[in-house]
1. Between residue 440 and residue 575, what is the FRET efficiency for a Förster distance of 41 Å, r being their Cβ-Cβ separation, to the nearest 0.05?
2. Give the residues of region 73-98 whose amide nitrogen is closer than 13 Å to a point set 7 Å from the Cα of residue 54 in the direction of its Cβ.
3. Count the net charge of all other residues whose Cβ sits under 13 Å from the Cβ of residue 644, scoring Lys and Arg as +1 and Asp and Glu as -1.
4. Loop only by DSSP, 15 or fewer other Cβ within 10 Å of the Cβ. Give me the trypsin sites (Lys or Arg not before Pro) in region 367-449 that pass, ordered by residue number.
5. Please list, in order, the residues from region 109-131 whose amide nitrogen is less than 19 Å from a point placed 7 Å along the Cα→Cβ vector of residue 84.
6. Under 5 Å between amide hydrogens, which residues at least 5 positions from residue 103 or on another chain qualify, with H placed 1.01 Å from N in the peptide plane?
7. Where in region 54-110 are there GluC sites (Glu not before Pro) that are in a DSSP coil and have at most 11 other Cβ atoms within 10 angstrom of their Cβ?
8. For an R0 of 22 angstrom, estimate the FRET efficiency from the Cβ-Cβ distance between residue 378 and residue 43 and round to the nearest 0.05.
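Each value in this text was obtained by applying a stated rule to the coordinates, not by laboratory testing. Because the structure is a prediction, the values reported are computed rather than measured. Cβ: placed from backbone, ideal geometry, glycine included. Neighbour counts: every protein chain shown.
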Amino acid sequence: MASSQKPKLKTAFKKARVIAPLYTGGPVAITQDGKRLVTCVGEEAVLTDVEEGRKICRFAGDTESITALCISPASTHVMIFTSSLSLRIYELPSSSEPIEKAVQPIRVVSRAHDAPVHVCRTDPTSTYLASGSADGVVKVWDIVRGYVTHVFKGHGGVVSALVFNYPFNPASVGREQKMQLITASVDTRIRIFDLSSAAARSGAAAKPEAVLEGHVSVPRGLDVTRDGKWLVSGGRDSVVLVWDISSKSSETSKSANNKGKGKEKAHTPTLVKTIPVLERVEAVGLLQQDGGLVGTASGVTKLHLYTGGEKGVIKIWDAHSGNVLFTLGQEQEANIAEEQEEQRQIVNAIYVPSTSCVVSVHADQNILFHSLKTRFLTRQLIGFNDEIVDATFLSPFLPPQAEAGPSKLADTHLALATNSSLIRVYSTSSLDARLLSGHSEIVLALDKAANGRALVSASKDRSARIWAPVLPDEDSSNGEPLSTVPEWHCIAVCEGHAESVGAVAVSRKAGTDSGDDDNLRFMFTGSQDTTIKMWDLSSIPISSPSSSSTPVKCKSLSTHKAHDKDINSLDISPNDRLLVSGSQDKTAKIWEIEYFTTGSVVRGEIKLLGTCKGHKRGVWSVKFGRNERVLATASGDKTIKLWSLDDFSCVKTFEGHTNSVLRVDFVNAGMQLVSTASDGLVKLWNVREEACTATMDNHEDKVWALAVSTDEQTIVSGAADSVVTFWEDCTEEQELEKETKRAEMVLKEQDFVNYLSLHDYKNAILLALAMEQPGRLHTLFKNLPSTSTSTSTSSSSTSITGNLSVDEILRTLSSIDLTRLLKYVRDWNANAKTSVVAQRVLHAIVKLRPADDILGAFNSDNLMVAHIEEGSSAENGPGGAKTGTTGLRDIVEGLIPYTERHLARMDKLLQESYVVDYLLGEMDDGMFGVDDDSNMDNVGEVEEDVIYMEVDRTVEVDA
């Protein structure tokens with residue numbers, strides 16, 4: 001019986017997760033534990049939780065680009081230099097909970113240098129910050145106190161690299177440790193400065209202890225061993241130099257220099273090893289080992305280092321032998337385009353000892369985490385996706401025999417086609433992603449095959465490719481394959497179109513007639529050349545592809561001239577019987593699919609069944625219904641149309657988008673539609689009523705991509721603003737919340753009635769204010785005089801409102817309730833029917849409370865409490881009343897005009913009443929024949945009575 005029930009309509013979706021730009025170029029820093037990453041997004045720095053894959057906070061910038069940044073080793077401060085030559089120091093949030101407001105700097109040095117700063121480093125104790133500028137000046141700063149401790153000049157150009165040398169010697173505990181600063185600049189020289197020397201502390205021009213010459217091009221990386229003995233430097237001259245910089249005394253120097261009388265001669269740094277790297281080095285560093293770093297006079301042992309440069313890979317070297325121990329990452333192909341080669345270069349590399357990984361930052365704005373233990377890529381963060389064109393869910397870990405349906409193994413990954421030749425495959429639970437390279441031009445369309453265990457892509461390079469995952473072994477993944485993104489390899493290529501391929505659709509049923517669920521059947525591609533091609537995929541297994549295997553060339557079964565203009569979209573019916581194509585020629589065509597396999601011979605053909613005409617612009621998207629024989633089309637004429645497959649007539653038209661509708665799909669057993677458009681909106685439609693039931697807004701540009709999960713609980717939208725949004729169905733949560741609120745409101749209303757029956761006006765007024773029901777409150781105040789006269793005449797005579805307890809309530813109202821009540825009074829006073837109650841309550845408030853008390857109720861501190869308790873706007877406070885004197889002024893300005901109008905109306909009524917009384921008096925004279933003298937006396941008495949009567953009436957007359 002449960003299966004026959006119709007599913008409930010979905011009415012609400014909430015923003016569950018967002019994949020936004022993470023890195024758009026510039027410096028990058030990572031905390032010592034490797035869990036949090038600071039990157040540049042535009043002119044601001046963003047802190048990201050690497051493991052959770054979410055943005056923690058952003059650091060407020062000065063609208064200028066960031067030139068250098070670093071994190072203290074203690075992970076307490078972030079130092080940022082910008083193009084405005086300022087230094088901004090921030091405290092790093094200790095919590096990983098997201099912070100909405102931008103983090104403000106704790107210290108700003110407006111002009112830290114006279115030229116832009118391109119490199120900065122902190123010392124191991126998180127006390128000092130060194131910055132090197134483009135004019136060859138290096139400054140050392142005290143981070144906490146914010147002043148300059150050292151200034152070093154004399155560099156022959158831009159400072160290109162910095163490193164602190166602060167060796168820890170247990171035997172020197174309690175004594176001053178020697179700290180050195182090692183710098184490199186474009187003059188190819190490396191300089192060593194002593195930070196603890198008296199000359200440096202005195203502010204005099206400090207000279208370097210040593211100047212190392214060995215590079216012939218700019219050094220880009222420096223690093224020192226923990227014992228302070230070995231220095232490595234790498235530069236764009238394609239070599240890495242190993243230096244012995246230990247400050248030891250030599251016994252041989254004492255004996256050779258008899259005139260020195262035992263004085264120690266300083267050890268001169270010497271070049272120990274030159275390692276040819278054969279690529280421009282952009283980053284170099286030393287690796288820590290369990291056995292420590294040991295050196296001898298003749299050479300180096302157990303000294304391992306890493307380099308990154310133009311080839312886009314991290315190489316691990318043995319400094320003693322000068323050989324490569326292993327490589328992290330894949331080298332670029334020899335025939336790769338020069339532009340792509342430049343984009344994949346490494347611009348920076350960071351070693352994280354706590355997680356034993358090397359983080360490489362590439363010019364194409366990707367950040368890769370390489371494990372030194374497993375020697376595999378453990379995580380890849382894609383900094384910027386550019387314009388997102390298409391998206392589809394993938395289920396690489398779903399077993400071949402599993403049916404498409406709700407499963408923890410389904411929809412674990414998301415494939416994105418962007419304004420690039422590389423396909424992005426994201427994990428739906430984190431920011432971890434992989435790039436699939438194979439196409440030579442922009443990828444325009446994606447589709448999934450075999451319930452998401454294979455991926456199909458169509459590109460501007462006139463080809464389509466089929467991808468399959470290489471699943472990790474259970475042993476290597478510790479039984480948790482879902483925590484990683486598998487590598488994908490191209491297993492087949494379809495070539496033959498004369499123009500770019502903009503649409504692709506794969507058979508919905510996996511397997512062949514023999515029942516093999518691990519094979520595909522057929523595929524269709526639509527091109528800008530207005531043709532549709534049918535491809536045979538029966539000989540392409542998708543299980544366990546080899547990374548070294550060559551992609552299979554697919555065979556075209558048929559080619560048809562289908563439309564007069566570009567083909568934008570294709571879709572296959574769930575039973576693989578029908579094909580629909582949408583084109584820029586404003587039509588959608590339905591085709592019958594004929595697919596036969598006779599032994600090893602495969603035949604395929606399509607026949608035109610009908611044409612759907614009615615759109616005024618090109619058709620951008622077509623989709624078959626999953627449960628009924630209907631078709632949905634989205635067009636550039638801002639409409640969505642529903643077509644019957646029986647007679648190809650338009651059944652319904654959905655209007656609501658303000659721009660071209662780009663994507664459409666069915667959800668909720670065909671009872672609803674979801675669409676995206678150029679207006680940046682995602683809309684949910686009720687098919688039966690042709691009405692929009694929900695609108696989702698999180699994009700600022702055209703929403704090209706739309707994907708619906710298998711269980712239809714998640715909708716993914718991707719736009720040209722480089723933002724991907726995950727929308728989760730929250731209909732049940734919203735209904736439960738509404739029901740809870742309704743039940744609470746019913747209980748409060750019953751309590752309100754009970755309070756009134758018991759004459760408990762205090763709780764009744766407070767409850768009406770809490771429920772925000774001004775109508776009930778007005779009725780309560782209006783009925784007060786009548787109830788008070790029936791209960792106690794003596795109490796009402798001295799009461800302002802008609803009841804002494806109500807007067808006490810108004811006198812003791814809290815600031816929050818008072819501001820809300822004054823807002824209601826202002827609204828009541830604007831209507832003549834409710835103005836009497838408004839004047840009475842206002843009169844009571846003014847009489848019972850001093851002016852300072854009323855003004856204090858609008859204090860921003862009091863209203864901030866209301867903001868926290870009620871979740872209302874901090875600027876407007878509760879009930880929409882603004883804070884401070886401005887809010888009180890608005891209420892007073894709203895009260896005065898209507899009060900003056902009510903007073904003028906009462907004066908007019910009083911004057912008109914005199915005329916009525918005079919006429920009545922004249923009528924009495926004629927009727928009873930009273931003489932003139934007595935008549936005049938009576939008129940005086942009448943006038944006196946009228947005056948007293950009307951004075952009382954000014955209070956109670958209701959206009």
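1. 0.70
2. Within reach of a label on residue 54, which here means backbone N under 13 Å from a point 7 Å along Cα→Cβ, region 73-98 contributes 96-98.
3. My count for the surroundings of residue 644 gives 0.
4. 373, 375, 408
5. Once the point is set 7 Å along Cα→Cβ of residue 84, 109-118 turn out to lie under 19 Å by backbone N, inside region 109-131.
6. Answer set, sorted by chain and number: 58, 59, 60.
7. Hits after loop and neighbour filter: 100.
8. According to the calculation, E is roughly 0.10.
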